[in-house]
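Quick one: the structure is below, questions incoming.
Here, each number is a calculation from the coordinates, and none is a lab measurement. Bear in mind the structure is a predicted one, so any value in this text is a computation, not a measurement. Neighbour counts are summed over all protein chains in view; Cβ atoms, including those assigned to glycine, are modelled from backbone coordinates with ideal geometry.
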Amino acid sequence: MNVGVCYAQVDRQLWMRLEVPDNSTIEETINLSGVLKLYPEINLSSQKVGIFGKIAALDTPVNDGDRVEIYRQITVDPQTVQRRRR
């Protein structure tokens, strides 16, 4: 199966496509991608993950064409940021 993995920091983004075996889970896909070696600050036990913007568990199976996303913690209230821009 061909799937994508993405992760974004404030100053850089990662987007990669890779082949994974059928019946792979989100966690297996992330491990196979090598993203955990590129970004050692990722902690899958505390960070949320999902597929196409929908939060999902690490044991969720992926389908061909899915985009697996690793979400960062929100550090600033979005409304505060919007007020600062005015």
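Those residues that are among the polar types (S, T, N, Q) and under 21 Å from Asn43 (Cα atoms), I need them from the range 8-24; list them, please.
Gln9, Gln13, Ser24, listed by residue number.
Looking at the range 5-48, which of its residues are in contact with a Gly (Cβ under 8 Å, 6 or more places away or on another chain) and of a type outside the set (A, V, I, L, M, F, W, C)?
The answer is Arg17, and nothing else.
Residue under question is Leu18, and the condition is that it be surrounded by 13 or more Cβ atoms within 10 Å (Cβ to Cβ), under 22 Å from Asp59 (Cβ atoms), without any contact (Cβ under 8 Å) to a residue 24 or more places away in the chain and under 13 Å from the mean Cα position of the chain (by Cα); does it hold?
Spelling it out, it is not the case that Leu18 is surrounded by 13 or more Cβ atoms within 10 Å (Cβ to Cβ), under 22 Å from Asp59 (Cβ atoms), without any contact (Cβ under 8 Å) to a residue 24 or more places away in the chain and under 13 Å from the mean Cα position of the chain (by Cα).
Further question: State which residue pairs qualify: first residue closer than 19 Å to Ser45 by Cβ and inside the range 55-71, second residue surrounded by 11 or more Cβ atoms within 10 Å (Cβ to Cβ) and basic (Lys, Arg) in any location, beta carbons under 7 Å apart, and separation of 6 or more residues or different chains.
Ile55/Lys48; Tyr71/Lys48
Would you be able to say whether some residue in the range 2-9 is of a type in the set (A, V, I, L, M, F, W, C), under 11 Å from the mean Cα position of the chain (by Cα), surrounded by 11 or more Cβ atoms within 10 Å (Cβ to Cβ) and assigned to a helix (DSSP H, G or I)?
Within the range 2-9, none of the residues are of a type in the set (A, V, I, L, M, F, W, C), under 11 Å from the mean Cα position of the chain (by Cα), surrounded by 11 or more Cβ atoms within 10 Å (Cβ to Cβ) and assigned to a helix (DSSP H, G or I).
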